[in-house]
Each structure stands twice: as C-alpha cells, then as structure tokens.
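First up is the structure itself, then whatever we jot down about it.
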Amino acid sequence: MKINIKVHARSKRESVVELPDGSYKVEVKAPPVDGAANEAICALLAEHFGVHKRDVSVVTGATNNKKVVEVIK
C-alpha cells in the first residue's frame with residue numbers, strides 16, 4: 001500500500017500519527033542529512049505497521065518533507 005506522509009525531522013520524539021484525511025504525520029529524531037531521516041522513517045513505519053524494514057521504501061519526495069511511502073504487507 002502507498003501512503004502519504006508529512007515528515008518532521010530533528011524532532012524531540014519519534015511518532016507516527018494518522019491524520020483525518022488518511023495521511024500520516026511522522027516525527028523522527030534523525031536530521032535530514034545523507035538520507036538519515038529517510039532511513040529513520042522507514043524503520044519507524046516498519047515498526048508501526050509490523051513489517052520488516054526492507055518492506056518499507058520512499059517512493060517519491062526523498063528530499064522533501066512530504067513523501068509517498070510504499071509499505072509491503
């Protein structure tokens with residue numbers, strides 16, 4: 001499944017919150033440098049959905065705070 005997310009990098013906490021429109025707000029502690037935030041997003045979403053980290057990937061928006069992420073269940 002593909003989901004739309006809005007990312008807040010360098011946050012004080014890590015969380016995944018589903019918004020009323022069906023998208024997600026994801027907060028990660030990692031900085032948006034050298035793909036560190038994208039890796040943290042994939043790990044956090046994998047934990048949230050109960051899948052392996054390899055089953056989560058950023059499809060579009062690798063350098064943007066609005067992303068489309070694919071989760072394979």
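The values are calculated or read from the model by the stated rules, or taken from the named source; none is laboratory data. Model, not experiment: these values are computed from the prediction. All Cβ positions, glycine included, derive from the backbone under ideal geometry; neighbour counts span all protein chains shown. Surface accessibility is based on the protein's heavy atoms, side chains included, excluding ligands, DNA and RNA. Shrake-Rupley method; radii C 1.70, N 1.55, O 1.52, S 1.80 Å.
Structure notes:
- The C-beta contact set for region 53-73 (first residue closer than 12 Å to residue 24 by Cβ, second residue assigned to a loop (DSSP other than H, G, I, E, B), distance under 6 angstrom, 6+ apart or interchain) comprises 67/61; 71/1.
- When residues of region 34-73 are limited to those that are among the basic types (Lys, Arg) and modelled with pLDDT of 95 or more, the one least open to solvent (accessible area, probe 1.4 Å): 67
- Inclusion of residue 69 among residues that are within 13 Å of residue 2 (Cβ to Cβ) and not basic (Lys, Arg) is warranted.
- Checking each residue in region 7-63 for being more than 21 Å from residue 73 (Cα to Cα) and among the charged types (D, E, K, R) picks out 10, 12, 13, 14, 21, 27, 29, 34.
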